[in-house]
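Peer 1: Before we start, here is the structure in question, set down as C-alpha cells.
The values are calculated or read from the model by the stated rules, or taken from the named source; none is laboratory data. The model shown is predicted, which means the values in this text are computed figures rather than measured ones. Cβ coordinates were reconstructed from backbone atoms using ideal geometry, including for glycine residues, and neighbour counts include every protein chain displayed.
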Amino acid sequence: METKKMSLLDRVTLPTPRFFRKVRTIGAALAAVGGVIATAPVALPAAVVALGGYLVLAGSIAAAVSSVAVEPGAQEAAAQERRELGGSSGQTL
C-alpha cells in the first residue's frame, strides 16, 4: 500500500474523527480556563498562576494536534470527489 503525505491544508480541510473533535473541544476549554486563571485580576499564589499557564499550553497543543487528525481513507474519498467534479488537488479551496 502506498502512503502519500498530506499537506497541512489537506489535513485541516478533511473531516476529523469524532474522538478528535471531542479532544479539540476539551483542549479549547482547558486553554480558556487556564487563560482565566493566568490573567485573574486578584492576587493568586504563584503556583496557581503557573498552573494556569500550563493549562493554556496543554489545551492549545491538544486542540491544534486534534484539528489535523483525519479519518482513515478520507484522503482517497476527497481525491475521488475532486476527480468527479473535474478539479485538481490545488483547487480544494
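Peer 1: With Leu14, Leu30, Leu9, Leu51 as the choices, which residue is over 19 Å from the mean Cα position of the chain (by Cα) and not hydroxyl-bearing (Ser, Thr, Tyr)? Outline the logic, then answer.
Peer 2: Numbers: Leu14 fails: over 19 Å from the mean Cα position of the chain (by Cα); Leu30 fails: over 19 Å from the mean Cα position of the chain (by Cα); Leu9 fails: over 19 Å from the mean Cα position of the chain (by Cα).
Criteria check complete, one pass: Leu51.
Peer 1: A follow-up question, please. Got a number for residues in region 4-54 being part of a loop (DSSP other than H, G, I, E, B) and among the β-branched types (Val, Ile, Thr)? Let's see the steps before the verdict.
Peer 2: Our first condition is that a residue be part of a loop (DSSP other than H, G, I, E, B); within region 4-54, this holds for 4-7, 14-17, 39-45.
Checking which are among the β-branched types (Val, Ile, Thr) leaves us with 16, 39, 42.
Residues in region 4-54 being part of a loop (DSSP other than H, G, I, E, B) and among the β-branched types (Val, Ile, Thr): 3 in total.
Peer 1: From the set of residues in region 55-87 that are assigned to a loop (DSSP other than H, G, I, E, B) and in contact (Cβ under 8 Å) with a residue 24 or more places away in the chain, which is farthest from Pro17 (Cα to Cα)? Talk me through it step by step, then tell me what you get.
Peer 2: We begin by selecting, within region 55-87, every residue assigned to a loop (DSSP other than H, G, I, E, B); these are 68-73, 86-87.
If we keep only those that are in contact (Cβ under 8 Å) with a residue 24 or more places away in the chain too, we end up with 68-71.
Numbers: Val68: 10, Ala69: 7, Val70: 6, Glu71: 5 Å.
Only one residue fits best here, namely Val68.
Peer 1: Quick one: Ala46 ticks every box in (1) exposed (fewer than 11 other Cβ atoms within 10 Å of the Cβ); (2) hydrophobic (A, V, I, L, M, F, W, C); (3) at pLDDT below 90 except a single one, so which number is it?
Peer 2: Ala46 satisfies all of (1) exposed (fewer than 11 other Cβ atoms within 10 Å of the Cβ); (2) hydrophobic (A, V, I, L, M, F, W, C); (3) at pLDDT below 90 except (3).
Peer 1: I want to confirm something. Restricting to region 54-84 and keeping residues that are among the hydroxyl-bearing types (Ser, Thr, Tyr) and more than 12 Å from Thr13 (Cβ to Cβ), which single residue is nearest to the chain's Cα centre (by Cα)? Full working, then the answer.
Peer 2: We begin by selecting, within region 54-84, every residue among the hydroxyl-bearing types (Ser, Thr, Tyr); these are 54, 60, 66-67.
Adding the requirement that they be more than 12 Å from Thr13 (Cβ to Cβ) leaves 54, 60, 66.
Values: Tyr54: 18, Ser60: 9, Ser66: 4 Å.
Looking at the filtered set, the residue picked out is Ser66.
Peer 1: Can you pull out every residue in region 1-20 that is surrounded by fewer than 14 Cβ atoms within 10 Å (Cβ to Cβ) and either closer than 17 Å to Ser60 by Cβ or of a type in the set (Gly, Ala, Ser) (or both)?
Peer 2: Applying the first criterion (surrounded by fewer than 14 Cβ atoms within 10 Å (Cβ to Cβ)) to region 1-20 yields 1-5, 7-9, 12, 15, 18-19.
Within region 1-20, Ser7, Leu8, Val12 meet the criteria.
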